[in-house]
Amino acid sequence: MNPDHAHFAEWDAAYVLGALSASDRREYEDHLAECAECTRAVGEIAPTVGLLSRVAAPPMTEHDEQPDAARRAQLVSIAGRRARRRRDWWVGASVAAAALVVAAVAVPLTIENASQQGTVYALEDLANAPLEASVRLTDAAWGTKIDLVCRYSGEVLDAPEGGWPYALAVVDADGASTTLSTWRAEPGSTTQLSAGTDLGVGDIGAVEIRTITGERVLMRYEADH
């Protein structure tokens, strides 16, 4: 674990919401490049923020006050921690149900076939990055399932320990973007990950691979609707 992790452990939600000051944001982004734990935390919380933004809020009265950025960050941080606890619970439940899965061979075959539907698109290299990537977009009742395959084909001598961090983002038709997942890649490695968005396939404007700070787009699939 990065020795500075404890200092930054509660900054993830504030960073995703844009509640950090400019100096704190730069400091946290420098830390993200070296800390896998915080990088993973940002990736886990980012989808929660995207979903919350689409929930209609009740009408406000003149006596109501807008929550400040720090309060919003606290609420999203709590939601992120609860989501991680639910994820850990599901991992334990999956292990306990392993014997039932073995006994019901036909069921997992059906599920696997369904997960392989959708259309595969190659991402275009925009920054001469040493990456090759494609995404499979599968329409679902709740939105779109995104399966990414990304291969790091280059060699970088000054890569940090654990590899360079990257972010997977989706852009809607209006240009608003949401970070869905983050990961680290080393030369010669292949990353396969699945993420989800509440956008339908027809509402997705682009899928992008970015630097962990989100400031630079490295690869993009742009939808042609």
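Every read-out reported here was derived from the displayed coordinates using simple, explicitly stated rules and does not represent laboratory data. Keep in mind the model is a prediction, meaning the values are calculated, not measured. Glycine gets a Cβ as well: all are built from the backbone with ideal geometry, and neighbour counts include every protein chain shown.
Any residue at all in segment 203-212 that is out of contact with any His (no Cβ under 8 Å at 6 or more places or on another chain) and part of a loop (DSSP other than H, G, I, E, B)?
Checked against the condition, which is being out of contact with any His (no Cβ under 8 Å at 6 or more places or on another chain) and part of a loop (DSSP other than H, G, I, E, B), segment 203-212 yields at least one hit.
Which one of A176, A141 is farther than 15 Å from T119 by Cβ and within 18 Å of the chain's Cα centre (by Cα)?
Going through A176, A141 in turn, just one is farther than 15 Å from T119 by Cβ and within 18 Å of the chain's Cα centre (by Cα): A176.
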